[in-house]
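Everything below concerns the one structure shown next.
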């Protein structure tokens, strides 16, 4: 029989492996996105949402032994906020990836934990600590470095109607803000609502994209290959990645979880470089390193607060 002292580390390392595997699985989605080059963002999201809905609906039905529609009807207010926020985050993210550089978009998206800390102050009344303020300053420095500190009309894209490098940045920041709202909403949602909420995300995303496609006069799919890639992304890559990440997060502490979750941010640009020869600039790499450092600082601060709260409760 395994001694108790050895059981916990094995569980911990298994959890770390699951989190890393989840992040790497999610990072593979960028290959589907880049390969589906003929798809508009709305077309791709429509089919990815269908694949995601099928997988998550089956998971929700299996885990809760109830009709998925009945589970959706019972969703609480916080769960619906999480649904709408995650739908918005997906739309912003796909649009940003379609328009911008993979590394820059993923680094900006990794700002979500810091944005959540900022939003938690007015929404939940949580205090922002000194380390959090330092992390925010470091992250802003990273964003400034990535953008080249250039805010003139030419760089923004207003001059001569040039394509704007700021469009994918704004979209990526919109995805980060939306995901931060999602993470805060899930804290208030009931545990039994989380699986059904994810299935609802797929349904709402597909319905929203269908309306957008009709409004824009676009076909549901430009080619069959893009449909297959989007279904693969939503039904396998995204669904399996989230399941692996969720299972690992049950036994991995907060700081380690946030650190290991960056596997997706680091791996995605590597995949696009190896497969599509997409490169980035030293400024983006340097700014991204500052942002990731800021995220780890914030994770350390949150862990310190949790330990302090646990000590007070124990006393």
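Go through (1) closer than 16 Å to residue 91 by Cβ; (2) in contact with a helix residue (DSSP H, G or I) (Cβ under 7 Å, 6 or more places away or on another chain); (3) surrounded by fewer than 17 Cβ atoms within 10 Å (Cβ to Cβ) for residue 171 and report which single condition fails.
That leaves (3) as the condition not met.
For the list (1) at pLDDT below 80; (2) in a helix (DSSP H, G or I), I need the number of the one condition that residue 252 fails.
(2)
Quick test for you: out of 226, 195, pick the one residue that is over 20 Å from residue 40 (Cα atoms), part of a helix (DSSP H, G or I) and in contact with a helix residue (DSSP H, G or I) (Cβ under 8 Å, 6 or more places away or on another chain).
Selected residue: 195, the only one of 226, 195 that is over 20 Å from residue 40 (Cα atoms), part of a helix (DSSP H, G or I) and in contact with a helix residue (DSSP H, G or I) (Cβ under 8 Å, 6 or more places away or on another chain).
Would you mind listing the helices (runs of 4 or more DSSP H) fully within the stretch 57-111 where at least 3 residues are within 17 Å of residue 44 (Cα to Cα) and either at pLDDT 90 or above or in contact with a helix residue (DSSP H, G or I) (Cβ under 6 Å, 6 or more places away or on another chain) (or both)?
Working: elements: 68-73, 77-99, 102-109.
Per the criteria, 77-99.
Do you know which residues across the stretch 262-288 are under 22 Å from residue 238 (Cα atoms) and loosely packed, with under 15 Cβ neighbours inside 10 Å?
270, 273, 274, 275, 276
Okay, residues lined up against (1) surrounded by 16 or more Cβ atoms within 10 Å (Cβ to Cβ); (2) modelled with pLDDT of 95 or more; (3) more than 18 Å from the chain's Cα centre (by Cα):
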position: 197; (1), (2), (3): yes, no, no
position: 207; (1), (2), (3): no, yes, yes
position: 216; (1), (2), (3): no, no, yes
position: 219; (1), (2), (3): no, no, yes
position: 222; (1), (2), (3): yes, no, yes
position: 229; (1), (2), (3): yes, yes, yes
position: 239; (1), (2), (3): yes, no, no
position: 243; (1), (2), (3): yes, no, no
position: 246; (1), (2), (3): no, no, no
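The values are calculated or read from the model by the stated rules, or taken from the named source; none is laboratory data. Everything quoted here is computed from the prediction, not taken from an experiment. For neighbour counting, all protein chains shown are included, and Cβ atoms are generated from backbone atoms with ideal geometry for every residue, glycine included.
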